[in-house]
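Right, one structure below, let's go through it.
We did not get these values from a lab; they are worked out from the coordinates using the rules stated. This is a predicted model, so every value here is computed, not measured.
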Amino acid sequence: MSVIPEVKCRRCGESFSALRSRCPNCGTRRVAQSGRTPAATPATVKGTAAYERAETNTKWQMIFGLILVVAVILAVIVMVTARPDGLDNPGTEGKGTIAAPTATPTPDPSTVIIEPPTPSPTPTPVPDSVKVFFFEDEKEEFTEAVGETVKLKAVAYPVDQFPNATFKWSVNDESVIKLTVSEDTKECEVLCLKHQPGGVTLTVECEGVTKTVHVYTKN
């Protein structure tokens, strides 16, 4: 049995003689352990002011910790007891109950007032065409001498749908042609006032449908 103590390498863990300063295996230097005892701090020595303050701080820390735990417990109890009744049992009624939406009742057919549809306005009929006649001849154009009067008649077609049609007569130059319209507007006397090279245009209108006749003049 060897009387020389052995130490372990702090790096590789190999045991070697305490007389060596380095580990024979890895060469790590052996560190000698200090035999000194660390000095006590004032806070660990009873009877000192630092020790009394440390004791007081420890007590207050324990008191504050206890108060915090109690506060957390009370908060949990309040949250549980304050929960609405309806959350536990949706079918029960009471304070805090979330009622299911009620369906809109179906109206009784006997009480429903059905309003008749508003009739659409009847559109105003429009003639297919308007024609101008001199006696029995339809006219697209004619020649008239100065001082001469020509009697024209307007007809809207279909005739059976517009028996009482009214007409509007006009001329593009009233200094050349003078128009005298009958009371029912179907007939018009055309008086040539003067000669106009190229003539003038006579227009007859009925419900937006127009007819033009070119009137040539001569001396």
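Residue 153: which lysines have alpha carbons under 20 Å from its alpha carbon, excluding same-chain residues fewer than 8 sequence positions away?
Hits, sequence-local ones excluded: 131, 139, 168, 178, 186, 211.
What is the projected area of the convex hull of the Cα atoms of the range 112-219, averaged over all directions, in nm²?
Across all orientations, the range 112-219 yields a mean hull projection of 9.1 nm².
Under the classification rounded if a/c is under 1.5, otherwise prolate if a/b is larger than b/c and oblate if not, where does the range 166-210 fall, given a ≥ b ≥ c as square roots of the Cα gyration tensor eigenvalues?
Oblate is the answer for the range 166-210, as a/c is 1.5 or above yet b/c matches or exceeds a/b.
Just to check I understand the Karplus step: with θ = phi - 60° and J = 6.51 cos²θ - 1.76 cosθ + 1.60, what whole-Hz values come out for the range 159-167, glycine and proline as x?
Rounded to whole hertz, the list is 5, 5, 8, 10, x, 10, 5, 10, 10.
From the backbone phi of the range 177-185, what are the Karplus-calculated ³J(HN,Hα) couplings (6.51 cos²θ - 1.76 cosθ + 1.60, θ = phi - 60°) in whole Hz, Gly and Pro given as x?
Each residue's phi maps through the Karplus curve to give 10, 10, 10, 10, 9, 5, 4, 8, 6 Hz.
Along the range 120-127, what does the Karplus equation 6.51 cos²θ - 1.76 cosθ + 1.60 (θ = phi - 60°) give for ³J(HN,Hα), rounded to whole Hz, x for Gly and Pro?
So the J values, rounded to whole Hz, are 6, x, 6, x, 5, x, 10, x.
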